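Once you've had a glance at the structure underneath, I'll fire off some questions.
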Amino acid sequence: MTGSNQGAHSVANASHTTEALRGAPEPTTEHHKLDLLRFTTAGSVDDGKSTLIGRLLYDSKAILEDTWAAVERASNQRGDSYIDLALLTDGLRAEREQGITIDVAYRYFTTPKRKFIIADCPGHEQYTRNMATGASTSNLAIILIDARRGVVTQSKRHGFIASLLQIPHLLVAGNKMDLVDYDETVYQSIMDEYRAFASKLAVQDVVYIPISALRGDNVVNKTDAMPWYDGPTLMHHLENVNVTAGRNLIDFRFPIQMAIRPHQNFRGFAGQIASGSIRPGEEVVVLPSGKVSAVRSIVTYDGDVEEAIAGDSVVLTLEDEIDVSRGDMIARRHNLPQAADQFECILCWMGEEPLNPQTGYVLQHTTRQVRAFVAELNYRIDIDTLHRVPAQTLHLNEIGRVKLATTQPLFYDPYSINRATGGFILIDPYTNNTVAAGIIRRKASELDEIVPPAAVVRKATNVTWEEAAIGRTVREERNGHKAAVLWFTGLSGSGKSTIARLLEQRLFSLGCQTFFLDGDNVRHGLNGDLGFSAEDRKENIRRVAEVARLAFEHGDLTICTFISPFREDRAFARSLVEEGRFVEIYVRCSMDTVKSRDPKGLYVRAERGEIPEFTGVSSPYEEPVTPELILDTDILNPEESVGRIVAALRSLGLLSHDL
Amino acid sequence: MNYIRSQLNQLEAEAIFVMREVAAQFERPLLLCSGVRNCIGLVHLARRALWPGRIPLTLLHIDTGHNFQETLDFRDQLVESMEAKLLVRYVQDSIDQGRVVEEKGPRASRNVLQTVTLLDAVTELKADAAIGGARRDEEKARAKERFFSHRDRFGQWDPKNQRPELWNLFNGRKHQGEHFRVFPLSNWTEMDVWQYIRPADRPSVALFLPPPRRVRTRRDVAGCLPDYSADPWRTSPECDRSLSHHRRLDLYRRRGVDRRIR
């Protein structure tokens, strides 16, 4: 777009505007159906981020007349031939001169389809702190790459933090295409480089778009300048990307903000549903007391409702008189959060003072505050190289992995499953400042509660373990990855084998050594003599666990798919390999789903009583308490599940990030 | 069941969450209410947040003396219908006590002066939080404002002491004598507020669709004329008559009427 065009646009039609304002307060139903997308933009001073935001605001008509007039004036004063859209948002230079902290700035615009909230993160300074802050509430991140400069360290940093904070969608925009003559090869080589990097991240959806924010190419309007690109414009993608991704609608978690007691006959608990959904009549547990009750009603100002979902602010009343107060959590009886007082976490340090392992901090998680201290600082992550670096402390803008201990247990889910109950902040109790953001990976020291069965009685006593001529570590070095046992557990029909097969193909194509042990197959030979009684199931698992151990010692990524319904048996399998090498993957889905899938017609037969001791029908399934990974196959497709597993293997350090 | 929530539903749920955090984390919160548009939204949200409980907040109006009569009437009506407690503190009193000096000149405004009156009121009432209706879309400088904005013992905003806000975890811890300004409408735009308080739902807003007011335009900024007679704009010959709403009634002279570029 040229300068004169923009100038023409800036002349508002006054009478039209007055009409619009007069009409504003009238209800317009279209607006009420708009949904909301929160996204971050990250980039450094010169990559055109401010121009892009200015362009989005301008093209969506979110700019007031007087603001526009000021920008026009400023551009004219500088003698520019065009109106500098960056001036609409760019306050950075002035702020730096005034010594104001560089912070995330929030911008707003609306199109006929959606309202957008931009968390605009200055890329250059304080980037970790700002990116993490902006990313914590976002569903999408735009990463801008200057086509003239290609992928720079910062482009990777931003991708890494977006991935760490579990932003479900990444949009990589190759900007300033006009300055490289809209050349497809330039664009492709940049995107190939970024694609290679992004494959190491835990982000499932990455989209690449060539744009020129200055000229408006492919921002809102499709351009003629790049006929070789046939994908969506940036705005089209923003308007259509799925906003429910990243929202957990399965696990009902309701952290209590306050009790509401206007009179003797009403006792309600106010809060915002962190995840999942709830209906009156459902059985719930109040944590930490563990008291069981049922939801009587879901109260709002507009009347009682029949269902409330993640994000709704409501008041719940319960059937029983139970003492509930701020910081407690209500969950469904058969779907409880995990409880622990020691965690493996990632911390983003945000305080001016570095982390002091000797000091206690206040930890705020959901609506709860407890005392916490850092029990162990495992390492720092160099976010330019993604390498682990030994560290004594964490300074401002550094990221590290720690073991954290709290004085009271927290009710949480791993952040990878639930952003709302897996994130926390640390507060310095002396200054009261927020000094760190944390995400919980999992409970520390997994095996404390689940005691493995007493060592199996060995019948042959005169056998000694033969050390392999070629040790596992040597094999691992040559393979380029660690050995591990990936143990899939879950109901028949939950999707274990489908995901595991796909995973093996993926690992194989990455050049990994794999080994596959399938529940059905081993019952043809190795375990052909066993049935499905609890006793036989135990022996079944014992044998395959031993085989898995041999494959593990052989340096393989050993994939095991077994219903393995009993905790005790899985704990045994875990106990055979060294700590950190057993990855328990709980493939979870509702009973309704497995029945509807039922590939072998087993559930139908089991319900008719034709198959005795069928897990989920006539034999129990004990859910894992602290699996390394939970895959909800009600919502995840097999490809997404595999993506999560690979990401988990990387974050567990089993696969290197270069692989 | 529909699992998509409209953006207004989401903004409302967020604002209610923030309101409840204030009610839970602070002992003596105030709700700043001068009866203008954002404040209508705030009071309604406070009522929704604590429903079926009553609003335990004290409403505080800092009266600059530069009012539209309708807003005052409306304010009193609102307070009455909510059975809430209203306190009024006057900028004029601060001027009379010599705490502040009135600005001079054609662009003089009492907008800056009211800060002093407000801080005096916060101290007097020992308030630890003051809920305001400011939004981040109002101007560039506000785009970085927090939901929980920390003020030191002297009521000052210290940029070094503003806390990062992640997820929905709001840190309201403070030392004796410090307080917070809390902005539940941070993520709302002007249009959101208009739609939220639209007359169909909130009859009281009809006052904001007043009979045509006199509007004058000066340096391309249009402004409605206030009711008090001492205002020099009122007697200006440049006045014309048309219909308009204000971006912020209390800033009518500075900002004027909204005109969106097309």
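The values are calculated or read from the model by the stated rules, or taken from the named source; none is laboratory data. Given the structure is predicted, the values throughout are model-derived calculations rather than measurements. All Cβ positions, glycine included, derive from the backbone under ideal geometry; neighbour counts span all protein chains shown. Ligands, DNA and RNA are stripped out before the accessible areas are found, and what is left, the full protein with its side chains, is counted by its heavy atoms. Shrake-Rupley method; radii C 1.70, N 1.55, O 1.52, S 1.80 Å.
How high is the FRET efficiency between residue A:591 and residue B:141 when r is their beta carbon distance and R₀ equals 51 Å, given to the nearest 0.05?
0.40
Considering only C-alpha atoms, what is the centroid distance from region A:623-659 to region B:68-90, in Å?
Rounded to whole Å, the Cα centres lie 57 Å apart.
Here is a follow-up. Give me a comma-separated list of calculated 3J(HN,Hα) values for region A:298-308, in order, Karplus coefficients 6.51, -1.76, 1.60 applied at θ = phi - 60°, integers in Hz, x for any Gly or Pro.
10, 9, 9, 4, 8, x, 6, 10, 8, 7, 10
Counting only Cα atoms, I'd like the Rg/Rh figure for region B:7-193, Kirkwood definition for Rh. Could the numbers behind the result be given before it?
Working: Rg = 16.2 Å, Rh = 17.1 Å.
Rounded to two decimals, Rg/Rh equals 0.95.
Got a number for the accessible area of residue B:154? Probe 1.4 Å, square angstrom, nearest 10.
Its heavy atoms expose roughly 150 Å² to the probe.
Here's a follow-up. Quick check on chain A: helices-only [θ] at 222 nm, where DSSP H runs of length 4 and up contribute -39,500 (n - 2.57) each and the sum goes over total residues. Nearest 500, please. Walk me through the numbers before you get to the answer.
Working: 19 runs with 184 residues, N = 659.
Result for chain A: -8000 deg cm²/dmol, rounded to the nearest 500.
Between helix A:153-164 and chain A, what is the angle of the helix's C-alpha long axis to the longest principal axis, kept within 0 to 90° and rounded to the nearest 10?
Approximately 50 degrees, to the nearest 10.
May I pose another question? Count charges around residue A:186 for me, please; just the other residues with Cβ under 13 Å from its Cβ, Lys/Arg as +1, Asp/Glu as -1.
Here the count lands on -4.
What's the buried accessible area, both sides, between A and B using a 1.4 Å probe, rounded to 100 Å²?
7400 Å²
To continue, here is another question. According to the square roots a ≥ b ≥ c of the eigenvalues of the Cα gyration tensor, what is the shape class of region A:338-444, taking rounded for a/c under 1.5, prolate for a/b larger than b/c otherwise, and oblate for the remainder?
It comes out oblate by the Cα gyration axes.
Still on this structure, please answer the following. Of all beta bridges DSSP finds with both residues in chain A, what is the antiparallel percent, to the nearest 5?
60 percent
With N denoting the number of residues in chain A, provide Rg(C-alpha) divided by 2.2 N^0.38 Å, to two decimal places.
Working: Rg = 27.7 Å, N = 659, 2.2 N^0.38 = 25.9 Å.
In units of the globular-protein estimate, chain A measures up at 1.07.
Moving on to the next point. Dividing the convex hull volume of the Cα atoms of region A:118-185 by its residue count, what figure in Å³ per residue is obtained?
In region A:118-185, the Cα convex hull volume per residue is 92 Å³.
Taking the Cα-to-Cβ direction at residue A:546 and at residue A:339 and moving 7 Å from each Cα, how far apart do the two end points lie in nm?
Each label point lies 7 Å from its Cα, and together they span 3.8 nm.
Can you tell me how much longer the chain between residue A:192 and residue A:523 gets when fully stretched, taken as 0.36 nm per residue apart minus their C-alpha distance, in nm with one decimal?
114.6 nm
Moving on to the next point. Ranked from highest to lowest mean number of other Cβ atoms within 10 Å per residue, what is the order of the peptides A:352-358, A:525-531, A:235-241, A:646-652?
A:646-652, A:235-241, A:352-358, A:525-531
Hey, got the Cα dimensions of region A:253-332 along the principal axes, in Å, largest first?
28, 28, 21
What net charge is computed for the residues neighbouring residue A:286, neighbours being all others with C-beta under 9 Å from the C-beta of residue A:286, Lys and Arg scored +1, Asp and Glu -1?
After counting each charged neighbour, the total is -1.
Determine how large the accessible area of residue A:320 is when every protein chain is in place; take a 1.4 Å probe and give Å² rounded to the nearest 10.
Taking all protein chains as shown, residue A:320 has close to 80 Å².
Over the heavy atoms of residue B:14, what accessible area does a 1.4 Å probe trace out, to the nearest 10 Å²?
Estimated to the nearest 10 Å², residue B:14 gives 30 Å².
Also, quick follow-up: On the accessible surface of region A:477-651, probed at 1.4 Å, how many percent belong to carbon and sulfur atoms?
Roughly 49 percent, rounded to a whole number.
Largest first and in whole Å, give the semi-axes of region A:477-651's equivalent ellipsoid, each being the square root of 5 times a Cα gyration tensor eigenvalue.
26, 19, 14
List the pairs from A:113/A:222; B:104/B:126; A:538/A:600; A:443/A:482; A:61/B:140; B:104/B:144 whose alpha-carbon separation is above 25 Å, in the order I gave them.
Violating the 25 Å limit, Cα to Cα: B:104/B:126; B:104/B:144.
Please find the FRET efficiency linking residue A:230 to residue A:199, where r is the Cβ-Cβ separation and R0 is fixed at 22 Å, and quote it to the nearest 0.05.
Once the sixth-power term is evaluated, E becomes 0.45.
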